[in-house]
Structure formats: structure tokens, C-alpha cells
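Some notes on the structure that comes next.
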Amino acid sequence: MKNQCFFRIMWRALLVCMTALTVHCEAQTGSATCRQHSTFRPADDQDITVMCGTDNIHLSILLCPVYYTGYNESLIALNGKFNIPACRGLVDLKASTPVLRFHFSISAEEISLCDNSLELTDEVGTVQFSDTRVQSVNISGRIVFWEPVSDPFTYHQSVIYQFSCRYLLQYLINDTEVNMTGMNLAARENRGSFVKALHINLFTNRQYTQPLKIPEKGLQLKTRIYVQVKATNLTKRLNILLDRCFTTTSPYPTNTIYYDLFVGCRHDGQTVVYLNGVSQEARFSFEAFHFVERDNKTFSTFYLHCVTRLCENSTCPSMLPNCIKKIRRSMQLS
């Protein structure tokens, strides 16, 4: 009986040693570098860096504490998805401090691939949105270290890094330049936006199939310009909602002369809103015009801006202005 107990204890000890050998030998890319580095120490809460980009989230953790704790890069993955290569980090030994880097794009596919979480919340708006409520999105997850599930105990320090990125879903799309030569108008290409996921495109027809091309002599006044604000590479849970679109004489939307094309239900007589708040695309049109202050100039320019929100599909209808009710109220007052 004693011999049987002794055999079982020895077999268990051998299993622990074999497991430990697997843990340490699978990958040790920066082990030699780390043993001489000042960060070769126990892991700390400050070892993680999070960069919340407009289209990607970048994460990095110090590599040397990983080795010090008894792990290596092959045993670390986003939310424990060790069998998915895209969820594992890449060693960077060229940085001043060795790190393990992770990154993923802010799209529904890549967020869910590594089991990260996306949560939408409502809150009070700021600046252009101060009189309304806007939504924010929080993307969060964990960097998890692998533990052998067969062992009831371990000599390794348990390490988990948590991260989150919060985005307010409100944007000001700027700098779509519209130029005028004398009494003619020339619209030039969209040169970018506040976020890379949102774009303004200009068209010449109601079907939005013919991109606006500038004739050599420019466009005539009262030419109808069809505007499309479109989202790309975003989760399908979000729609585009335009709160306000306006033009200015300067590329900067503050401290300059402006003209509102529409604000909620209010719009000038030549502006027509076709699509807003119901998909990842908004559409409206307006007629070409010029600012009076530019009458004495041979070449005049104004800029198109749109104050834009992204809202969750099910809550977008509650954020849309109730234009029918406002029209009825104004008729009763008159």
C-alpha cells in the first residue's frame, strides 16, 4: 500500500515537471534580451499600454515581466483565444523596452473574432450635441495568460491585463471644399473627415450613381448637388444620423460666416433630406450658391461641414427629430 502511494506521488511530480518544461520551451524569443533588462521583474498593473485609434485599437505589454513570471509569448492571447493566431501578440525587440503587441480593427468581425466586448450606452451630449443625448461605445477585453487546466495548483504568478476604449459617437465631418469662379461654382474632392470611417461624397443625380465631376468652367449657380455621408468598416449595429449640415467661408467651422443647409427639422428652401438615421448612409441635396461677401472676388470658396452622430439601430428612431409634430404645432400657432 505504501509503495502504491509513493508511486502515485512520484507520477504526479513527474507530470508537473513535464508541464513546466512545455511552458518554458515552446517560445522564448526575447528571453536572453530580457534577463539583462531593467524590466525583468514581477508583472505590474502599469505594464500595459492602450492606444484607442479611430479605426484600430493597439495594445502592448512589457515582455520581460512575462518571462520573469514563468510564461512566454506563446501562452498569451486576447480573452484566452490561444488557438486563433490573430488573437496572439507579436514580440517587438526593436523598441527601447521589449514588448508584446496586439492590435485589431474597430469592426464587428475583428471585435468578435477574439471575443472582445462592445457595449453601447446613452449620455448627455456636449458642444453641438449639448441639447440632445448621444451614444458612446465601450470596447473592452482582457489579455489572458494560459494555465494548464489539468493542474489544481501552480507556481506561476496569475496575470490578467484588462483594457477598454471608449468612443463618443459624435463627429464633425469637415473640409469638403466648394469653389466658385465668378458666378460659377466648382466642387472639389472630399479631403478627409474627422474619422476615417466617415466620408462625404458628392453626386450629380438623385440615384447617387454619378460622382460629381467639375467642368473646366465650373458649375452654374442653382445646380443641384447631391451629398452622401457614408460609413465604412463599422459594426452593422450603428447608423448615421446627421444633426446639422452647414457651409462656411473658412475651412474652420468656428468664428466664421456660416449658412445652415439644415438643422434637425429646419432647413433652407433649397435643401432636401432623403435619408437620415436609418442606415449607415445619409443623403441630402442642395442648390449651388455663393456667399454675398465673395461677390467682388474672381475665385471664391466655401466649405461643407456635417455634424454627425452614430446611433445604435434600435435607438436611432427615438433620436430623430419629430418634424411632423413641429409642423402641426407651427400651423396651430399661425
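Key figures for this structure:
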quantity: 3J(HN,Hα) from dihedral phi, the stretch 236-246, Karplus parametrisation 6.51/-1.76/1.60, rounded to Hz, x for glycine, proline; calculated: 5, 6, 10, 10, 9, 10, 8, 8, 7, 10, 8
quantity: Ranked list, fewest to most other Cβ atoms within 10 Å of each Cβ, for Thr121, Thr69; calculated: Thr121, Thr69
quantity: Footprinting exposure proxy for Met319, Met51 (fewest neighbouring C-beta atoms within 10 Å first); calculated: Met51, Met319
quantity: Karplus-derived 3J(HN,Hα), 6.51/-1.76/1.60, for each residue of the stretch 101-115, Hz, glycine and proline x; calculated: 9, 10, 7, 8, 7, 8, 10, 4, 5, 6, 5, 7, 3, 9, 6
quantity: Residue order, fewest to most beta carbons within 10 Å, for Ile160, Ile257; calculated: Ile160, Ile257
quantity: Under 5 Å, built H, 5+ apart or other chain: amide partners of Leu219; calculated: Leu185, Ala186, Ala187
quantity: The stretch 219-280 - convex hull of the alpha-carbon atoms, volume per residue in Å³; calculated: 133
quantity: Note, ³J(HN,Hα) from phi for the stretch 63-75, Karplus 6.51, -1.76, 1.60, rounded to Hz, x at Gly and Pro; calculated: 7, 5, x, 4, 5, 4, 6, x, 10, 8, 5, 6, 9
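Values quoted throughout were computed directly from the atomic coordinates according to the rules given, and no laboratory measurement underlies them. Just so you know, these numbers come straight off a predicted model, no measurement behind them. Every residue, glycine as well, gets a Cβ built from its backbone with ideal geometry; the counts of neighbours run over all protein chains shown.
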